[in-house]
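Notes follow once the structure below has been shown.
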């Protein structure tokens, strides 16, 4: 692997970082429920992707401290987006599950963000769209490394 901190490679890494961050910010503003913070949306997305989890497991997955996750879960519960149930093996723990209301909201949010992104993509020519389609699996891999 070449040294990605020098020359053209470093410039490409910087451009990729900047463009991914800018696009991410624009997509984050395409929310269905403006009362939810990006962190709350992220927690709901994690629950949708991974299924129910304890607050501690969610804290690790979201890279936040457990007391912060406890507050986030409490807010989501107040908004009717998650429910807390007894842990099947450890009565001291609770399991966080997303509610049907959260599922519907996440689906609407995904539709809105997909429509926004599709609108942006319409501004690309065929060659640019083909390159972006080809890059999607690579970006997905980077997101999960």
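The values are calculated or read from the model by the stated rules, or taken from the named source; none is laboratory data. All of these numbers come straight from a predicted model, not from anything done at the bench. So basically every Cβ, Gly included, is an ideal-geometry build from the backbone, and we count neighbours across all protein chains shown.
The figures follow:
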{"read-out": "Pick from region 52-71, criterion touching a strand residue (DSSP E or B) at 6+ places or on another chain (Cβ under 8 Å) and free of Cβ contacts under 8 Å to residues at least 40 places away in the same chain, ranking: surrounded by the most Cβ atoms within 10 Å (Cβ to Cβ)", "value": "58"}
{"read-out": "Residues (loosely packed, with under 12 Cβ neighbours inside 10 Å and at pLDDT 90 or above) located in region 25-49", "value": "49"}
{"read-out": "Pairs where the first residue, in region 4-27, is closer than 15 Å to residue 116 by Cα and the second is modelled with pLDDT of 90 or more and surrounded by 10 or more Cβ atoms within 10 Å (Cβ to Cβ), C-beta under 6 Å, 6+ apart", "value": "27/113"}
{"read-out": "Condition broken by residue 99, with the remaining ones in (1) surrounded by 14 or more Cβ atoms within 10 Å (Cβ to Cβ); (2) in contact (Cβ under 8 Å) with a residue 24 or more places away in the chain; (3) under 15 Å from residue 45 (Cα atoms) satisfied", "value": "(2)"}
{"read-out": "Residues (out of contact with any strand residue (DSSP E or B) (no Cβ under 7 Å at 6 or more places or on another chain) and part of a helix (DSSP H, G or I)) located in region 42-51", "value": "42, 43, 45, 46, 49, 50"}
{"read-out": "Selection count where residues are assigned to a helix (DSSP H, G or I) and surrounded by 14 or more Cβ atoms within 10 Å (Cβ to Cβ), scope region 72-96", "value": "5"}
{"read-out": "Within region 112-135, tally of residues that are within 16 Å of the chain's Cα centre (by Cα) and within 20 Å of residue 15 (Cα to Cα)", "value": "1"}
{"read-out": "Test result for residue 106, in contact (Cβ under 8 Å) with a residue 60 or more places away in the chain, surrounded by 14 or more Cβ atoms within 10 Å (Cβ to Cβ) and touching a strand residue (DSSP E or B) at 6+ places or on another chain (Cβ under 9 Å)", "value": "yes"}
